[in-house]
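Have a look at the structure below, then the notes.
The values are calculated or read from the model by the stated rules, or taken from the named source; none is laboratory data. These numbers were taken from a predicted model, which means no experiment stands behind them. For neighbour counting, all protein chains shown are included, and Cβ atoms are generated from backbone atoms with ideal geometry for every residue, glycine included. Keep in mind that these areas ignore ligands, DNA and RNA; they rest on the heavy atoms of the full protein, side chains included. Shrake-Rupley method; radii C 1.70, N 1.55, O 1.52, S 1.80 Å.
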Amino acid sequence: MAASIAYADTTALENSTRPCEHEASEEGDARMAWWREARFGMFIHWGPVSLTGHEIGWSRGKQTPIAGYDALYKRFNPEKFDADEWVETAKAAGMKYLVITTKHHDGFCLWPSALTDYDIGETPFRRDVLAELAAACQRHGIRFGTYYSVCDWHHPDFPLGSPGGSTEKPNPNLERYNEYLRGQVAELIERYGPLSTMWFDVPQAVTRKQAEATSAYVRKLQPDITINNRAGGGVPGDYDTPEQHIGGFSRQRPWETCMTICRQWAWKPNDQMKSLEECIQTLIRTAGGDGNLLFNVGPMPDGRIEARQVDRLKQMGEWLETYGNGIYGTRGGPFMPGKWGASTCKGSTVYLYIMHWTEPGTLRLPALDQRIRTCSILSGGDVSWNQSSDGISIVVGKEHQQDIATVVTLEVEGPAFDLTPMPVIIPSASLAFGKNATASNVHHGESRYGPKMALDDNPDTRWATDSGTRSAQLEVDLGKPATIDTVFIDERQWNRIRKFKLEYKTSDDWQVMLAGTTVGEDFRKQFTPVRAQHVRLNILEATESPTLWEFQLFKDKAGNAAGCTTKDDK
Ligand code: H79
């Protein structure tokens, strides 16, 4: 199996929202109750690989030759490791649980396992990192969970090897490997449990039957443990795991976005770190979509978490001290996350986290079917508001607008959770809005991923293509000829397009009006005006299957996105 196949499998799992398979059960709800309340956890990727500064697992046989990678543990001696310091950092960040890579794809075990010698007990350090960490978590009231990689490119019995599972081992024995895996997860639960979660990953070469058996075994050892959706074979587990992006709004199926504070999972010197604004807005948008955030740090080879990362996490915690009431113990909605911001609710309170004003100082929201009793700014100050059957408007003076998010609370008459979730649609006035469209490819042929989803001004819907797609066309019929000179394209943080042409149809040909390379979030470009009825975005190259949230066309509108103003308009 090639590395690319392994990756495609993971992607499929991340996106697995097949409601019929994931019927909520009472046991499931009970297991997940604390998890939903907690909302925010720390992910830790660590091991001897930190000595190289390259990516955990994936750099084996790539940046670092296999023999060299596998010998790193002999000089892994993180003398400054202090479990209390890590857990105190998580706590200061406002995190409620912690999940650590007990074994990544490289096979190294951070605890002294009875089933292998490739573990922390054989390093000069020798201390049991998991025992110390589990104890520290207990002391500080943080739930402790274990990441355990299903694939093991180091173990001779696992059929695939490095780099990235693209090679085959000479004498694999998957039966025996599964016994090893089950023996190890039993050690984890028995020695360091009760665990908050068993966080499986990259289940290459595993059948549904085997994954079901493993999950049942884990459940038997600890009935209230949560299990993610990566045990293998499409076994759904308790929650979905969007990786490095924020999951879509869903109240039916629990989900947890895992994301890195820098770029790499494992420590890398001078890795690019996210701004405080990006960190906090990510947490808000996650909670607003009714999901959790498992935010990753990669500690250094000396055992410490980088000071700048510790500082960033503390800043998040300080923000949460003021605004966390609207994060912990809340549910996402009723206003779905979008460019404008996100909302959460608890009791009869709706929390609005306003990040972009639809007009300077004003936010317009769709109508609610409960009366708003009061409206206030969480950090104090005046807000004026109006509610009618057409919608709600909220006006906040410049002096009370906050950089990261202005937090406004609405008190409604009944349980806010009963309000039906709705998108915040800001009319773009795009000439392509609601027009007929066709696409060369639609993800699984499903209409919810159809081309019209890119023409609906709805920030929660998108046109998507099948995984494996690397080029695609989206064609719009404007109904009648129109003059256009501006395009707006939004593929969010996915940033998959590498080469595209914007074209219009003449009587017998497609003519190029704009050519470009990357698109990403909020791409806006003006070009020489053309008059056309049929316009297409011709994506010539993409790193993954192309997907677009919005595709908009304008005449004389080089201005702001979707009628939105940003904080810069203050
Ligand atoms: O443990 C972390 C990742 O190592 C693992 N899951 C999270 C929690 C993971 N599984 N699949 N993937 C990541 C996606 C694979 C991405 C890749 Fe790459 C792109 C592999 C090779 C190219 C990222 C960039 C890793 C190496 C370079």
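Summing Cβ point charges (Lys, Arg +1; Asp, Glu -1) relative to the Cα centre of the chain gives a dipole of roughly 640 debye.
Per residue, how much accessible area does region 355-399 show when a 1.4 Å probe rolls over the protein heavy atoms, in square angstrom?
Result: 53 Å² of accessible area for each residue.
Using a probe of 1.4 Å on the protein chains alone, the accessible area found for Leu502 is around 0 Å².
Starting from 0.36 nm per residue, how many nanometres of slack lie between Glu190 and Val512 once their C-alpha separation is accounted for? List each step's numbers first, then the result.
Details: separation 322, 0.36 × 322 = 115.92 nm, distance 6.39 nm.
109.5 nm is the gain from fully extending Glu190 to Val512.
Distance between the 7 Å Cα→Cβ label points at Lys314 and Thr207: 5.4 nm.
Please give the charge dipole size of region 420-570, origin at the Cα centre, charges +1 on K and R Cβ atoms and -1 on D and E Cβ atoms. Round to the nearest 20 debye.
Details: 20 positive and 21 negative charges, 38 e Å.
Here the size comes out at about 180 debye.
Per-atom-type breakdown for the chain gives carbon and sulfur 48% of the accessible area (1.4 Å probe, protein chains only).
Assuming 0.36 nm per residue, please report the length gained on full extension of the stretch Ser393 to Asn495 beyond their Cα-Cα distance.
Details: separation 102, 0.36 × 102 = 36.72 nm, distance 3.30 nm.
Net length gain for the segment: 33.4 nm.
Here the contact order of the chain, divided by its residue count and restricted to Cα pairs under 8 Å and six or more residues apart, works out to 12 percent. Along the axis of the charge dipole computed for region 275-418 (Cβ charges of +1 for Lys and Arg, -1 for Asp and Glu, origin at the Cα centre), the listed residues Thr409, Gly381, Gly329 are led at the positive end by Gly329. Electrostatic tally near Lys505: other residues with Cβ closer than 10 Å to its Cβ, Lys and Arg +1, Asp and Glu -1, net -4.
Charged side chains reduced to their Cβ positions (Lys and Arg at +1, Asp and Glu at -1) give region 27-321 a dipole of some 260 debye around its Cα centre. Estimated purely from DSSP H runs of n ≥ 4, each contributing -39500 (n - 2.57), the mean residue ellipticity at 222 nm for the chain is -6500 deg cm²/dmol once divided by its residues. Rounded to the nearest 10 degrees, the inclination of helix 129-140 to the longest alpha-carbon principal axis of the chain is 60 degrees.
Cross-link list Lys339/Lys452; Lys346/Lys452; Lys74/Lys268: which exceed 23 angstrom alpha carbon to alpha carbon?
Working: Lys339/Lys452 19 Å; Lys346/Lys452 34 Å; Lys74/Lys268 20 Å.
With Cα atoms farther than 23 Å apart: Lys346/Lys452.
Between Glu175 and Arg373, the distance separating the two model label sites (each 7 Å from Cα on the Cα→Cβ line) works out to 6.6 nm.
By the Kirkwood approach, averaging reciprocal distances over each pair of separate Cα atoms, region 436-561 gets a hydrodynamic radius of 14.4 Å. Between Asp403 and Gln533, the FRET efficiency from the beta-carbon distance, with R0 = 41 Å, is close to 0.40. Accessible surface computed residue by residue for region 216-314, with neighbouring protein chains in place and a 1.4 Å probe, gives 31 Å² per residue. In the context of the full protein assembly, Glu88 retains an accessible surface of approximately 100 Å², using a probe radius of 1.4 Å and ignoring ligands and nucleic acids. Using Cα atoms only, what is the angle between the long axis of helix 174-192 and the major principal axis of the chain, expressed in degrees (0 to 90) to the nearest 10? It is inclined by approximately 90 degrees.
Here region 454-480 is scanned for amide nitrogen atoms under 17 Å from the site 7 Å beyond the Cα of Glu541 along Cα-to-Cβ, giving 469-473. A Förster distance of 51 Å, applied to the separation of the beta-carbon atoms of Thr438 and Lys220, puts the FRET efficiency at 0.50.
Mind pulling the angle between the C-alpha long axis of helix 83-92 and the longest principal axis of the chain? Nearest 10 degrees, somewhere in 0 to 90. Taking Cα atoms only, the helix is inclined about 20 degrees.
Take the Cβ-Cβ distance between Thr167 and Ala71 as r, set R0 to 25 Å, and report the resulting FRET efficiency rounded to the nearest 0.05. The pair Thr167/Ala71 has a calculated efficiency of 0.85. Per-residue accessible area (protein heavy atoms, 1.4 Å probe) orders Phe433, Phe158 as Phe433, Phe158, starting from the largest. Relative contact order of region 35-102: 57 percent, from C-alpha pairs under 8 Å at least 6 residues apart in sequence. Projecting the Cα atoms of Thr214, Asn292, Met259 onto the charge dipole of the chain, computed from C-beta unit charges around the Cα centre, puts Met259 farthest toward the positive end.
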